[in-house]
Every structure is written in structure tokens, then in C-alpha cells.
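Down below is the structure, laid out as C-alpha cells.
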Amino acid sequence: MKNKNGMLVVFSGPSGAGKGTILAEYLRRGTEAVCSVSATTRKPRPGEIDGVHYHFVTKEAFEEMIQKGEVIEYTCYNGNYYGSPAGPIRKLLSQGKDVILEIEVKGAKQVRDRFPGALSIFVMPPSFEELKRRLVGRNTENSEEIRGRLETARREVAMALDYDYIVVNDVVSDAADRLGYIIESARCSRKFNRDFIEEVLENA
Ligand code: 5GP
């Protein structure tokens, strides 16, 4: 007997820290974890596909989702709504699949408050200079947006110590290794097994 539910994994870090790259490497290794597809009111970037990278929705549709309780958390980030749809997440967890939420710090706090069994991991860039270099290098934001993202990054890093684990993204494959170890050890953690232990005691 064991906890048969999947684990809810919150994965945050400043824009440009490499969350997406680490996750892609981790998933490429054949784990059964699934990344939740968020809803957002942000416009798609070139190459982004509706339903794959995000569910791109209107402000009205997003506000309706909030009202109906169809997101487990949401936030307004750089002027756009972002949120994690509740239905698919609950279904995957009940099927025993780990669900990874790649979300920013305010949403992460909502998840930690609502789901005490969730695992939370914060990805750090090796330095701020490196973060700036990566943001400039990926060429998806103009210089004013980059300044805004660096400012946001400073505020986000200030919340890193609220998370269970910190992963520094120095070398992507090493960071993906560490993510794997963290998830496996969290499966044996007290907080993930609380309901299971209580269930065992009730039937003892
Ligand atoms: P981007 O616009 O670069 O795709 O995402 C901006 C920020 O929003 C990133 O830090 C990303 O992790 C975060 N984000 C993406 N989806 C969600 C979500 O569903 N909820 C919250 N709270 N943040 C999200």
C-alpha cells in the first residue's frame, strides 16, 4: 500500500532562469509526469500553439473561469492573467500522474496554501548577469520588457526561501538530475504521505 495519487509539483523561478529547458530535459527522460497547460490572456509568441503551450483566452473568458472556480490558482503578471485549470489537474492526480505547474511566485503561494501536500521547487539562475544575458539572447522581449522582467526577477528571488527546494540552473542536465532526485525523495516525504498514513491508522 502507498499513496496512489500523483504529486502536485510547483516549479517557479524568474523568467529566463531556464524552467522550461530543465522541464523539457526531465520529461525527455521518460518520466510519467505531466505539465499542466495554463490559461492566459497573453498573446501567443511566434511558435506557441493554443492548447499546447497555453490555452490562449480572452479576459472575459478568464474572468468567467475565476468566477466558476475553474482555476486552482491565478495571477496577473505583466498585465496579463495566468492560471492553472482545475479539472485536468485533479483528473491527472487521481490517475496517479505527477502534475507539474510552471507558475510564478504569487500563484505558487496560493497552491502551497490550498494543497499542503504539494512539492515546491524554485529555479535560480547562477547569477543576475547570467539571467540578463539569457533574456537578451533569447530575443523574445524588447529592452524595456527585459528591464521589467529583471525587476520582477529581483522580487521573485526574494520569495525563493518560501519553497521546499532550490535548484540552481548551471548545467541543464545536472539541474534536471536534481529535479528528478527531489521528486523521488518527496514521494517519501511526511507531507506527501500524511493522508495515506491517516488512512492506514483508521483501518488498523
Ligand atoms: P510567460 O509569459 O513568459 O510565458 O510567463 C510569464 C510567467 O507566468 C512565468 O513566470 C510563468 O511561469 C508564469 N505562469 C505561466 N502559467 C502560469 C499560471 O497558470 N499561473 C501562474 N500563477 N503563473 C503562470
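Which of the residues that make up region 71-103 are away from the ligand (no atom under 12 Å from the Cβ), in contact with a strand residue (DSSP E or B) (Cβ under 6 Å, 6 or more places away or on another chain) and open to solvent by 50 Å² or more (accessible area, probe 1.4 Å)?
The answer is K97, and nothing else.
Taking the condition of being open to solvent by 70 Å² or more (accessible area, probe 1.4 Å) and within 27 Å of I72 (Cβ to Cβ), how many residues in region 104-153 meet it?
Residues in region 104-153 being open to solvent by 70 Å² or more (accessible area, probe 1.4 Å) and within 27 Å of I72 (Cβ to Cβ): 5 in total.
Out of K43, K4, I need the residue that is open to solvent by 50 Å² or more (accessible area, probe 1.4 Å), outside any helix (DSSP H, G or I) and in the same structural domain as L201 (by TED's automatic domain parsing). Which one?
Just one listed residue meets the conditions, K4.
If I ask for residues that are outside any helix (DSSP H, G or I) and away from the ligand (no atom under 13 Å from the Cβ), which ones from region 50-70 would you list?
Across region 50-70, the qualifying residues are D50, G51, T58, K68, G69.
Free of Cβ contacts under 8 Å to residues at least 12 places away in the same chain and of a type in the set (A, V, I, L, M, F, W, C) - does that describe any residue in region 77-97?
Checking region 77-97: not a single residue is free of Cβ contacts under 8 Å to residues at least 12 places away in the same chain and of a type in the set (A, V, I, L, M, F, W, C).
I'd like the full set of residues that are part of a loop (DSSP other than H, G, I, E, B) and in contact (Cβ under 8 Å) with a residue 40 or more places away in the chain, limited to region 28-40.
Within region 28-40, R29, T31, E32, A33, S36, V37, S38 meet the criteria.
If you check every pair at least six apart or on different chains, which have Cβ atoms under 6 Å apart with a residue in region 100-114 that is among the hydrophobic types (A, V, I, L, M, F, W, C) first and a residue that is in a strand (DSSP E or B) and within 6 Å of the ligand (Cβ to nearest atom) second?
L101/S84; V111/E73
In this structure, is I49 at pLDDT 95 or above, open to solvent by less than 40 Å² (accessible area, probe 1.4 Å) and out of contact with any Phe, Trp or Tyr (no Cβ under 6 Å at 6 or more places or on another chain)?
No: the conditions fail for I49.
The values are calculated or read from the model by the stated rules, or taken from the named source; none is laboratory data. Small disclaimer: the values here were computed from a predicted structure and weren't measured. Glycine gets a Cβ as well: all are built from the backbone with ideal geometry, and neighbour counts include every protein chain shown. Accessible surface is based on the protein model in full, side chains and every heavy atom, while ligands, DNA and RNA are left aside. Shrake-Rupley method; radii C 1.70, N 1.55, O 1.52, S 1.80 Å.
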